[in-house]
1. With labels modelled as points extended 7 Å from the Cα through the Cβ direction, what inter-label distance (nm, one decimal) is found for residue 110 paired with residue 68?
2. Where does the chain land at 222 nm, in deg cm²/dmol rounded to the nearest 500, when only DSSP H runs of n ≥ 4 count, each adding -39500 (n - 2.57), divided by all residues?
3. Considering the alpha-carbon set of the range 2-147 alone, what are its Rg and its Dmax in angstrom?
4. Given the convex hull over the Cα atoms of the range 84-134, what projected area results after averaging over all orientations, in nm²?
5. For the chain, give the share of DSSP beta bridges that are antiparallel, in percent and rounded to the nearest 5; count only bridges with both residues there.
6. Compute the orientation-averaged projected area for the range 98-233 from the convex hull of its Cα atoms and round it to one decimal in nm².
7. When the label point is put 7 Å from the Cα of residue 97 along its Cα-to-beta-carbon vector, which residues of the range 48-67 have a backbone N closer than 13 Å?
8. Which percent of the Cα-Cα distances in the range 66-175 go past 18 Å?
Ligand SMILES: Nc1ncnc2c1ncn2[C@@H]1O[C@H](COP(=O)(O)OP(=O)(O)O)[C@@H](O)[C@H]1O
Ligand SMILES: [Mg+2]
């Protein structure tokens, strides 16, 4: 079975896409899942939020243009079972370059193909920029499903139909027939306010059980963690934000009916497997995130 690619998208900025990408990925490693996180936003917040250096030439950019194989841009993070394809500012130029390339919606899908056939990762998450431009369109073309973080605020639902319609269009046009809504994650929930509760109820009316039961609270610690380059479970394991994302990871796996990490992930003779082994050896002293 090909590795599931899941796009984390919402054209609104500041709704918790990157926070969810980093923390869901980190918390899934605690469940023994091997994760690749692709930072597709030129702002590179997922990259810096995981304490990874931005290095010129070390992003998905060249792989999107077919200039290097994707395996050349995968890097280990300091955490076990969590790899990243970092972002860099150059990626901003990719929109223009890709638009001129053949098959421009399929660039990410094509560049990921070699690692999907290997059983190297259990999930690949794509942290999208806050727009429905060519990079996000590439993510939605490569993805099996879409995860939408939605901020608990008055206008939460506004604009949601735009991205939902886009999913429908990509599916029915044949660009990506398998694309579906993985789920909606309510973020920055404040249980003390009626507004947060009203927003969740309102979204529930429209999307029912597509909403995760786990609500992500608004907390200062979650906002602080990225500036230390750490996921919340490393920054403050006891915090309510850490508990929430650990719970979300469990619910995510339950909903997918996933088993615990699949056993032996790759064939030994492929060049990608060799690269992965070399990387694994190099990363042996990586940190095990606490349970
Ligand atoms: N649950 C939360 N509680 C408090 N602050 C949060 C929470 N989620 C995100 N933030 C902060 O809000 C800002 C926007 O979040 P971010 O995940 O970067 O959104 P996006 O990727 O959708 O633009 C960031 O400064 C982030 O640290
Ligand atoms: Mg972001």
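1. 1.9
2. On the way: 12 runs with 118 residues, N = 291.
So the calculated ellipticity at 222 nm is -12000 deg cm²/dmol.
3. Gyration radius and largest Cα-Cα distance of the range 2-147: 13.5, 41 Å.
4. On the way: hull surface 16.9 nm².
So the Cα hull casts an average projection of 4.2 nm².
5. 10
6. Working: hull surface 41.4 nm².
Reported value for the Cα convex hull: 10.4 nm².
7. Label zone hits: 56-67.
8. Values: 3413 of 5995 pairs.
More than 18 Å apart: 57 percent of the Cα pairs in the range 66-175.
Readers should treat all values here as calculations from the given coordinates under stated rules, not as data from a laboratory. Just so we're clear, the structure is a prediction, and the values are computed from it rather than from any experiment. For neighbour counting, all protein chains shown are included, and Cβ atoms are generated from backbone atoms with ideal geometry for every residue, glycine included.
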